[in-house]
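See structure below.
The values are calculated or read from the model by the stated rules, or taken from the named source; none is laboratory data. Worth saying up front: this structure is predicted, and the values here are computed from it rather than measured. With ideal geometry, Cβ positions are generated from the backbone for all residues, glycine too; neighbour counts draw on all protein chains shown.
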Amino acid sequence: SGTPLAGRVAVVTGASSGIGEATALRLAGLGAKVALMARRGDRLDEVEDRVRADGGTALALPTDVTDRAAVLAAADRVTEELGRADLVFANAGVQLISPITDLATADWDAQIDLNVKGVMNTIQAFVPSLEAAAAEGRSADLIMTSSIAAVRILEGFQVYSATKAYVAQLTRLLRTELGRKGIRVGVVEPGMVDTELPDHVTDPAASKLMADLIERIDVLSSEDVAETVAFMSAVPKHVNLTEITILPTEQV
Ligand code: NDP
């Protein structure tokens, strides 16, 4: 069928741009109702409008996912307005790379707060919904965004890479408990995707490195990653695609 995700309620964090925005649009296009979370409410409203214009259902929920109480409140609104979430894409993240000797402690904290604690806040808020969906015999997915940086040794990436290695290992660990309850846990590990991610990098050498790569090779689009997440969610219930690495063909 053209709507393999009909009847599903999806939550996407980082839905205001890049991979999250593209994934929210794709999941909605496949029939899911989508809850959109990020800080920029104006951008979420635009995504919501696009989904609705296409005949879908979307709910913009401006939320800072580093704020645990705010994520819990957003989860309540998802349940009230869309129904119980059964597909959660914990994707919001930030990459602030710099030499360790710069001691950019505010950037270290920002990455840990969002890429690690933001993911845990999302898990806290939505695992009960996933558990309930699975108990009813429905598909239930927790999908997270890691990065190829989780496994590569890249100068300047130390804190970012560690947060993404955390997410990849978390996926494997969560499966031990959630798999037997019928909840699929998966992680997508992209290489270079053309998004707003490099715009936040304060270190000029590091941001030049990324700009050069985007210049030199045909990098991934957010839609490429969105398609992967959609595929992971739409396979039969007994199939768990656990870890998918997606790289631009020319990125070695
Ligand atoms: P973007 O910068 O376009 O997207 C990041 C998203 O996270 C935005 O929607 C942003 O929205 C949201 N966000 C940031 N801070 C918060 C917060 N405190 N609370 C809620 N949402 C927040 O970049 P990408 O799409 O590339 O990034 C998405 C994920 O992909 C990240 O986890 C990133 O690490 C990962 N990734 C990206 C790669 C790439 O090459 N681009 C490669 C590998 C992984 P807002 O500012 O409105 O809050």
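What the table shows:
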| quantity | calculated |
| --- | --- |
| Residues that are more than 7 Å from the ligand (Cβ to nearest atom), buried (at least 18 other Cβ atoms within 10 Å of the Cβ) and under 19 Å from Ser221 (Cβ atoms), drawn from the range 1-46 | Val12, Ala22, Thr23, Ala24, Leu25, Arg26, Leu27, Ala28, Gly29, Leu30 |
| Boolean, Ser207 is away from the ligand (no atom under 11 Å from the Cβ), crowded, with 21+ Cβ neighbours inside 10 Å, not in a loop (DSSP other than H, G, I, E, B) and not basic (Lys, Arg) | no |
| Candidate set: the range 64-77, residues that are touching a Leu at 6+ places or on another chain (Cβ under 7 Å) and part of a helix (DSSP H, G or I); chosen: the one farthest from Asp113 (Cα to Cα) | Arg77 |
| Residue within the range 20-34 that is touching a helix residue (DSSP H, G or I) at 6+ places or on another chain (Cβ under 7 Å), at pLDDT 95 or above and in a strand (DSSP E or B) present | yes |
| Any hit, the range 193-200, residues being closer than 19 Å to Ser98 by Cβ and surrounded by 15 or more Cβ atoms within 10 Å (Cβ to Cβ) | yes |
| Residue selected from the range 47-63 under the condition outside any helix (DSSP H, G or I) and farther than 14 Å from Ala32 by Cα, by the criterion nearest to the ligand (Cβ to nearest atom) | Thr63 |
| Qualifying position, being away from the ligand (no atom under 14 Å from the Cβ), of a type in the set (Asp, Glu) and either modelled with pLDDT under 95 or closer than 25 Å to Ala22 by Cα (or both), among Glu136, Glu189, Glu196, Glu155 | Glu155 |
| Pairs, first in contact (Cβ under 8 Å) with a residue 12 or more places away in the chain and among the polar types (S, T, N, Q) in the range 1-28, second more than 7 Å from the ligand (Cβ to nearest atom) and in a loop (DSSP other than H, G, I, E, B), C-beta under 8 Å, six or more apart | Thr3/Leu30; Thr3/Gly31 |
| Checking Leu114 against (1) surrounded by 24 or more Cβ atoms within 10 Å (Cβ to Cβ); (2) within 10 Å of the ligand (Cβ to nearest atom); (3) assigned to a helix (DSSP H, G or I), the condition it does not meet | (1) |
| Test: residue in the range 171-181 that is in contact with a helix residue (DSSP H, G or I) (Cβ under 7 Å, 6 or more places away or on another chain) and crowded, with 17+ Cβ neighbours inside 10 Å | no |
| Hits in the range 1-19 - residues which are within 17 Å of Thr79 (Cα to Cα) and part of a loop (DSSP other than H, G, I, E, B) | Ala6, Gly7, Arg8 |
